[in-house]
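Input: a single structure, listed below in structure tokens.
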Amino acid sequence: MVVNRDKTPTAQETFAQMAQASGLRGRVLLTIGALILVRLGIFIPIPGIDRAAFSASIASNSALGFLDLFAGGGLKTLGIFALGILPFINASIILQLLTAAIPALEDLQKNEGEAGRRKISQITRYVAAGWAVIQSTLLTVGLLRPFAESWGPFFVVETVLALSAGSMFVMWIGELITERGIGNGASLLIFLNIVSSLPQSLGRTFDLAQTGDRTIVGGIVILLLVFLAMVVGIVFVQEGTRRIPIISARRQVGRRQYMERSSYLPLRLNQGGVMPIIFASTVLTLPALIANAFSNNIAVAQFANFFSPTSWFYNVLYLVMILFFSYFYASLVVQPEDMSKNLKKMGSSIPGIRPGKATTEYIERVLNRLTFLGAIFLGVVAIVPTVIETATKVPTFQGFGATSLLILVGVAIDTAKQVQTYVISQRYEGMVKQ
């Protein structure tokens, strides 16, 4: 196959490389096999529980239904993977917050290189294990007690161990995919869980359309048009970048003089990708989970209503959390001071901006504006479908929502880019061999 090394790989070339290149083929097969294994584990039941009654109670609870979406239905079926990847995500949030607050962790991340990142990853695993035990204990004591066939200390210990071990296995699978497969393991696991709920949502849509009610059919059409428009908007925002022009100074190497070269510094509109919205969603499920564990208390039950995805308080808090995590994640991904130092070392500068502190302040201003625009877009995407569903009274995608749509599109784009990167590397390896 004749290809141009400067062009983006075509679909034909990508699939050909997947079939022919052993390295890429092995990564793809490992990823698919790992995702299938995790999906099968959801249906391995925890013994001693009336799952039919528990599933019915989950269906009537919007907060737990949202949590069940991220577990891929594992919470409803009470499989050993019911917690899924959520404890690991929560642990990652805690470690990232602590990294910004504790100088020792910040030093590990910034100055220790790969060894420091491995230490932080190991600490994250320990925190995830502890968090899995806490969440499984809350789930067992607070939610499963009315549905247990024989309640007692043995039942609690057995269920907590099963749920915690299942969560740790899912975390290991996610890391295995990240290291030896294609894409980010944690993101792909959430992607898989969300996709598994699509047939059910589409089935509800078909059932509603069969009623023949013009109002409902019109509402379904409006809702689908909104989702299509959001997909297009998500793609544009995920791919949007601000290119800051850079000029490199003249250099003389021996007798040869190199003229000024112009290039650009790309800053993404949405630096955090899908992570801010994943972090915000998982944080907001915690109060609902704790409140449901003590639902017998009237005050706690009223408190839980505030964290229902249909309440105004939830949506406002959701927007604030997305804004916070967007800025927080952008501060971790992009370091304006380091960029300024690197530009100065390379003899490059931004036109009209003095090197050093002025360059740092300029990059910070641009980054803050981009992050604000990206965060507002994420917030609008997360809230608008709920408003449309309320207006049209069509709960077709109830529980699915824009959060899930954003994650699906974002993860698909990131994974496709990584596949293209492997294809390009294989292309260059083939040229070198020739």
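The values are calculated or read from the model by the stated rules, or taken from the named source; none is laboratory data. What you are looking at is a predicted structure, and each value in this text was computed from that prediction instead of being measured. Note that each Cβ is placed from the backbone with ideal geometry, even for glycine, and that neighbours are counted across all protein chains shown.
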Open item on the list: I'd like to know if segment 353-374 contains one or more residues that are small (Gly, Ala, Ser) and at pLDDT below 80.
Closed with: no
Task: In segment 128-168, the residues that are of a type outside the set (Asp, Glu) and closer than 14 Å to Phe54 by Cα - done: Leu139, Thr140, Val141, Gly142, Leu143, Leu144, Arg145, Pro146, Phe147, Ala148
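This table checks each residue for (1) surrounded by fewer than 16 Cβ atoms within 10 Å (Cβ to Cβ); (2) over 30 Å from Ile46 (Cα atoms).
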position	(1), (2)
Ala82	no, no
Asn90	no, no
Ile93	no, no
Ala101	yes, yes
Ala104	yes, yes
Leu108	no, yes
Asn111	yes, yes
Arg117	yes, yes
Thr124	no, no
Task: In segment 59-104, the residues that are over 30 Å from Gly272 (Cα atoms), at pLDDT below 70 and assigned to a helix (DSSP H, G or I) - done: Ala59
Open item on the list: Looking at Leu289, Leu323, can you tell me which residue is modelled with pLDDT of 80 or more, buried (at least 19 other Cβ atoms within 10 Å of the Cβ), assigned by TED's automatic domain parsing to the domain that holds Glu364 and not acidic (Asp, Glu)?
Closed with: Leu323
Open item on the list: Could you go through segment 175-184 and let me know if any residue there is part of a helix (DSSP H, G or I), surrounded by 21 or more Cβ atoms within 10 Å (Cβ to Cβ), at pLDDT 85 or above and out of contact with any Cys (no Cβ under 8 Å at 6 or more places or on another chain).
Closed with: yes
Task: Inter-residue pairs, beta-carbon under 8 Å, first farther than 15 Å from Pro45 by Cα and in segment 149-161, second assigned to a loop (DSSP other than H, G, I, E, B), 6+ apart - done: Ser150/Gly48
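Any residue at all in segment 132-151 that is among the charged types (D, E, K, R) and either in contact with a strand residue (DSSP E or B) (Cβ under 6 Å, 6 or more places away or on another chain) or modelled with pLDDT under 85 (or both)? Break it down into steps so the answer makes sense when it comes.
Keep residues of segment 132-151 that are among the charged types (D, E, K, R), which gives 145, 149.
Subsequent filtering for residues that are either in contact with a strand residue (DSSP E or B) (Cβ under 6 Å, 6 or more places away or on another chain) or modelled with pLDDT under 85 (or both) retains 145, 149.
The answer is yes; a qualifying residue exists.
Quick one: in segment 217-246, which of the residues that are part of a strand (DSSP E or B) and buried (at least 16 other Cβ atoms within 10 Å of the Cβ) is nearest to the chain's Cα centre (by Cα)? Outline the logic, then answer.
Within segment 217-246, the first condition is being part of a strand (DSSP E or B), and the residues that meet it are 241-246.
So of that shortlist, the ones also buried (at least 16 other Cβ atoms within 10 Å of the Cβ) come out as 244, 246.
Working: Ile244: 28, Ile246: 32 Å.
Looking at residues that are part of a strand (DSSP E or B) and buried (at least 16 other Cβ atoms within 10 Å of the Cβ), I get Ile244.
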